[in-house]
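The values are calculated or read from the model by the stated rules, or taken from the named source; none is laboratory data. These figures come from a predicted structure and were not determined experimentally. Note: ideal-geometry Cβ built from the backbone for every residue, glycine included; neighbour counts use all protein chains shown. Calculation scope for accessible area: heavy atoms of the full protein, side chains included, ligands and nucleic acids excluded. Shrake-Rupley method; radii C 1.70, N 1.55, O 1.52, S 1.80 Å.
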Amino acid sequence: MNWLAPNTLFVLVGTSLLGACMGLVGAFAVLRRRALVGDALAHATLPGICLAYLAVGRRSFPALMLGALLSGLVGILVLVGLRRFTKVKDDAAVGIVLSVFFGAGVVLLSVVQRQGAASAAGLETFVLGTTAGILPEDGYWIGGTLLLCGAIVTTFLKEFEVVAFDSQFATVQGWPAARLDLLLMAMIAVTVVVGLPAVGPIMVAALLILPSVTARNWTERFGRLLLLSVVIGFFTGVAGTLVSTRYNLAAGPTVILSGTALWAVSLLVAPHGPVARSRRRRSLRSQPEDATTDGRLDG
Amino acid sequence: MSPVGTPSAESRTHAAEIDDRGTGPAAILDVHDLTVAYQDRPVLWDFDLVVERPSLVGIVGPNGAGKSTMVKACLGLVPRASGEVTFFGRPLAKMRRRVGYVPQRESVDWDFPVTAFDTVLMGTYGELGWFRRPGRPQRERARECLDRVGMSEFASRQIGQLSGGQQQRVFLARALAQQADLYFMDEPMAGVDAATEQVVFDLLRSLRDEGRTVLVVHHDLRTVPDYFDDVVLLNTRLVASGPVGTTFTAENLRRAYGGRLDLLEIAADAVEAGERSR
């Protein structure tokens, strides 16, 4: 039973807190339609990680994370620049940034590996992520990020809600939509970066998206969606870690697949999932006398 | 009559306020030389408009005439190339509490996890300022506003499960909850059912009778004489503005719509209908 050793428990705490944090920040990213920006940012972190490693010469968590954050932000700047100064559309711009930065990162990674395979061992884990890659000090960073994001979201809950739902209305009401978006972007960036060692840049966006998309099948209220998203993210981390440790599977993908499983089950059984919805529609159609009170008016 | 939307004593005195120049009561809305360009193409050119007394103002013009752009430029939602806009004699930043906006229905994601009630409650966020959460007075007002548009029974319905007309009414209730004195509404009657169109129209009337002003981007020329006191005819430039009776003429419509015959026929019908109703 060595898969529940103290070390595993510690990893478990790390990934579950990470899942919770991803669930919280990701809910806003999805509602504000910034989820793919998170994906571009995640892929754009790899060059920074390699460069930071080359500069420091060892796997120092703060240094690598700082490098990741900086190159991630450069990626976002390129994305914004492409959008503003060229005719490239949003989806294509995300595709360009994502593949070019990730490609540059993989090239740099091979440079690092040529310098000495043994010392670079920790870096490969940044591609697919490994829960074993979570060191005790990483856990503090993850916990700290969760606390920080939780505090920010609680403070600006009503402001984020109105901007996410209707940014034009919010702007006329006087809320600084651009600055609130920037704050949201910063939370996404920090969360993505602390999640890199565990999940890796390729799959981190999925962990950002899945919890809230799953939660949406269970509730139709904003506050509850956030809470549920946190809880679902938490258990995604727990399940993924347990399965990956037990069967010795790659951590990042296993976490993502656990999240996908929760989502798939929700689609089938959750009260606001597509199955429940179409069943309600069908029962409405079979009782036409109710349709006037519960059905749609012709719009 | 519910107390919702009754202009407070405070806002009444504001309306009669002397403007900064001390030359008389400030206009409700004063748009001066407003120009908007996307890339190098002007979509609104040297637009002027002054609204001096509470009224229902219809904004009409062909597709792409810059109607929505004009509204958005007034509200600071699209950048102005030039021009100045004042509300009750002052810039928007100082008058936000008194200015309300009803965007086009297509501008939001209706799958967003909020109910009709939650959406209306957002109308009160402006007065709360940073960090404060809506309390009982705001909740009560949101409920009253939903009632006023006939949507009480749908308060807890997720907004995506409402019909187009019902969604539009929720948007109107959200604007009502803001208790503004000047409203901008972008096509509130586009694609709604007849029941909703009547609700919207009655609501516009009662807002006007309470001393408020509503500018409505409108697409149906036939209903202009019935619905509005004043009309603004727009085609990139201002074609004409003023009382419907003297401004909504076949000649002005031809200038606004150019030589598009089908539209001109509709316009002729509308003018005729307007004359009959007078």
Index of the failed condition, A:Pro271 passing every other in (1) in a helix (DSSP H, G or I); (2) open to solvent by 50 Å² or more (accessible area, probe 1.4 Å): (1)
Subset of the stretch B:181-215 [β-branched (Val, Ile, Thr) and either touching a His at 6+ places or on another chain (Cβ under 7 Å) or open to solvent by 10 Å² or more (accessible area, probe 1.4 Å) (or both)]: B:Val192, B:Val199
B:Met95 being in contact with a Phe, Trp or Tyr (Cβ under 8 Å, 6 or more places away or on another chain) and under 20 Å from B:Arg174 (Cα atoms): yes
Filter pass, A:Leu208 being free of Cβ contacts under 8 Å to residues at least 40 places away in the same chain, closer than 27 Å to A:Gly75 by Cα and not polar (S, T, N, Q): no
Answer residue from the stretch A:195-216, given it is open to solvent by 10 Å² or more (accessible area, probe 1.4 Å) and either more than 14 Å from chain B (Cβ to nearest Cβ) or in contact with a Phe, Trp or Tyr (Cβ under 8 Å, 6 or more places away or on another chain) (or both) and is nearest to A:Ala35 (Cα to Cα) among those: A:Ile209
Residues of the stretch B:133-143 classified as under 18 Å from B:Ile159 (Cα atoms) and touching a residue at least 24 places away in the same chain (Cβ under 8 Å), total: 2
All positions within the stretch B:142-170 that are within 23 Å of A:Arg224 (Cα to Cα) and open to solvent by 10 Å² or more (accessible area, probe 1.4 Å): B:Arg143, B:Ser152, B:Glu153, B:Phe154, B:Ala155, B:Ser156, B:Arg157, B:Gly160, B:Gln161, B:Gln167
Residue match in the stretch B:125-132 (condition: touching a residue at least 24 places away in the same chain (Cβ under 8 Å) and of a type in the set (Ser, Thr, Tyr)): no
Single match in A:Ser119, A:Ser110 (criterion: modelled with pLDDT under 70 and open to solvent by 40 Å² or more (accessible area, probe 1.4 Å)): A:Ser119
Verdict on A:Asp39 being at negative phi, among the acidic types (Asp, Glu) and open to solvent by 60 Å² or more (accessible area, probe 1.4 Å): no
Residue in the stretch A:150-172 that is in contact with a Gly (Cβ under 6 Å, 6 or more places away or on another chain) and of a type in the set (Gly, Ala, Ser) present: no
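To keep it simple, each residue is scored yes or no on (1) more than 26 Å from A:Val163 (Cβ to Cβ); (2) within 14 Å of chain A (Cβ to nearest Cβ); (3) open to solvent by 10 Å² or more (accessible area, probe 1.4 Å).
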| site | (1), (2), (3) |
| --- | --- |
| B:Val36 | no, no, no |
| B:Pro42 | yes, no, yes |
| B:Asp46 | yes, no, yes |
| B:Met70 | no, no, no |
| B:Leu77 | no, yes, yes |
| B:Gly89 | yes, no, yes |
| B:Arg105 | no, yes, yes |
| B:Phe112 | no, yes, no |
| B:Thr124 | no, yes, no |
